[in-house]
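Taking it in order: structure first as structure tokens, then the write-up.
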Amino acid sequence: MTKLGDWSNKAWIRLKNDKPSVQRETGYYFKPSLVPVSLHPRVIKAGHDVTEKLQILHLYHYLDGVDTLETEIINRSLQNIFRGVIDLEIPEELKEDAYKIYIDEGFHAFMSYELKNKIVQQTRVQYTRKPNLLKTVDLIEKQMMQVSPALRNLVQFLASATNETLISANLLQCKDKDLRSSVSSYLSSHLKDEAKHHLYFASLFQVIWKQFSLHEKKTLGVILPRLIKILLSVNKENICSDLVEVGFSKKEADLIFSESYDKVPMDMIESAAKPALTLFNKCHVFDVKEVRDSFLEEGFRLQSV
Ligand SMILES: [Fe+2]
Ligand SMILES: [Fe+2]
């Protein structure tokens, strides 16, 4: 049995009765603690419709983010695995699993798109802006451009492996009973697939990292802490524009944002990144001085790995 287990019977795409429905539901569109601006006193004072609209807009950004990241970064790096573009020794079994995960991610992207459209129809809250994680994709692509062309696919792979081994608080909110059922069932089905992807990417990372030369380890390893921060960062531009859309001035939006996210959340980043950091430690990534130093410079303490 591979890391994906009984994929043919257990993957979300293979389970027929698990589609999002948004009929006759109550509850949050997104857990309020994950939309901290919706808990700001000025926002609460503005009333329930405003806080709910902020959650809906946050959910749209999230769903667009999944759609974009999984198709444009994760799936492109999986193609590079199963098509042999990444010219390293990768066991056939891991190539075949890469194909299966490619299908999973394409399906996740479509389910995200479908749920977003259903909520637009139900709530009449439109979503017209540029998807937020296009910015994440842009930032990852910028990191790819920092290395020689021969190494760019490997940066994309590292971004995928990192993303797939982080703990997503957004997915874990599916356990919250107060979340509306269409959102929680979408998240919990996605979470089940992602738990398998985590095992897969952890084992693929081990296979790939040990084949890198010392030069590649140094060049690529120093990018890892930046990739973690890109994948876990908060998109200020989207959050402020959501606040303006629900009626706050630009100045009020900036103030509400800065009072809701007042410190660089390094504790949060390090705790969400713990499985990835543990994996890197297991693969001796931090044994390369330049790599370890780059993590420390980016604010990671590396105490618990
Ligand atoms: Fe996914
Ligand atoms: Fe995944």
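Could you work out which residue, out of L166, L243, L88, moves most in a Gaussian network model of the chain, that is, has the largest mean-square fluctuation with Cα springs under 10 Å?
Looking only at L166, L243, L88, the biggest GNM fluctuation is shown by L88.
Rounded to the nearest whole Å³, what is the per residue volume of the convex hull around the Cα atoms of the chain? All intermediate terms of the calculation are to be shown ahead of the outcome.
Values: hull volume 41.1 nm³, N = 305.
Convex hull volume per residue, Cα atoms: 135 Å³.
From zero up to wherever the largest Cα-Cα distance of region 54-134 sits, split into 10 Å bins and tell me the percent of pairs in each.
19, 39, 23, 14, 5, 0
Projecting each Cα onto the charge dipole of region 205-253 (Lys/Arg +1, Asp/Glu -1 at the beta carbon, about the Cα centre), which of P225, I239, L214 comes out farthest on the positive side?
Working it through, the farthest residue towards the positive pole turns out to be L214.
Using only the Cα atoms of region 1-118, each taken as one equal point scatterer with no solvent, compute I(q) by the Debye sum, divide by I(0), and report log10 of the ratio at q = 0.18, 0.21, 0.23 Å⁻¹.
Summing over Cα pairs of region 1-118 leads to -0.98, -1.14, -1.24.
Positive end of the dipole of region 97-212, charges at C-beta (+1 Lys, Arg; -1 Asp, Glu), about the Cα centre: which of L204, L115, M145 has its Cα farthest in that direction?
Among L204, L115, M145, the one farthest towards the positive end of the dipole of region 97-212 is L115.
Per residue of the chain, what 222 nm ellipticity follows from adding -39500 (n - 2.57) for every DSSP H run with n ≥ 4, rounded to the nearest 500? Walk me through the numbers on the way to the answer.
Details: 16 runs with 193 residues, N = 305.
Calculated mean residue ellipticity at 222 nm is -19500 deg cm²/dmol.
Would you mind calculating the relative contact order of the chain from Cα pairs under 8 angstrom and at least 6 residues apart, reporting the percent as a whole number? Don't jump to the answer; show the numbers that get you there.
Numbers: 344 pairs, mean separation 73.7, N = 305.
It comes to 24 percent, rounded to a whole number.
If N is the number of residues in region 145-278, what value comes out of its Cα radius of gyration divided by 2.2 N^0.38 Å? Walk me through the numbers before you get to the answer.
Values: Rg = 18.2 Å, N = 134, 2.2 N^0.38 = 14.1 Å.
For region 145-278, the normalised Cα radius of gyration is 1.29.
Considering only Cα-Cα distances, which of the following residue pairs are longer than 27 Å: K95/K217; K100/K177; K31/K116? Mind showing how you got there, number by number?
Details: K95/K217 23 Å; K100/K177 31 Å; K31/K116 16 Å.
Violating the 27 Å Cα-Cα cut-off are K100/K177.
Using alpha carbons only, how many angstrom separate the centre of region 196-224 from the centre of region 237-305?
Each part reduced to its Cα centre gives a spacing of 21 Å.
Give me the aspartates and glutamates in straight-line cross-link reach of K289: C-alpha distance below 16 Å, same-chain residues under 8 apart excluded.
E216, E297, E298
Starting from the exponent 0.38 and prefactor 2.2 Å, build the expected Rg for region 84-228 from its residue count and divide its actual Cα Rg by it.
1.21
For region 147-305, what relative contact order do you get, as a whole percent, if you take Cα pairs closer than 8 Å and at least 6 residues apart? Mind dumping the intermediate values first?
Details: 113 pairs, mean separation 48.2, N = 159.
Once normalised by length, the contact order is 30 percent.
Every read-out reported here was derived from the displayed coordinates using simple, explicitly stated rules and does not represent laboratory data. For clarity, every value in this text was computed on a predicted model and none was experimentally measured. Cβ sites come from the backbone with ideal geometry, for glycine too, and all protein chains shown count toward neighbours.
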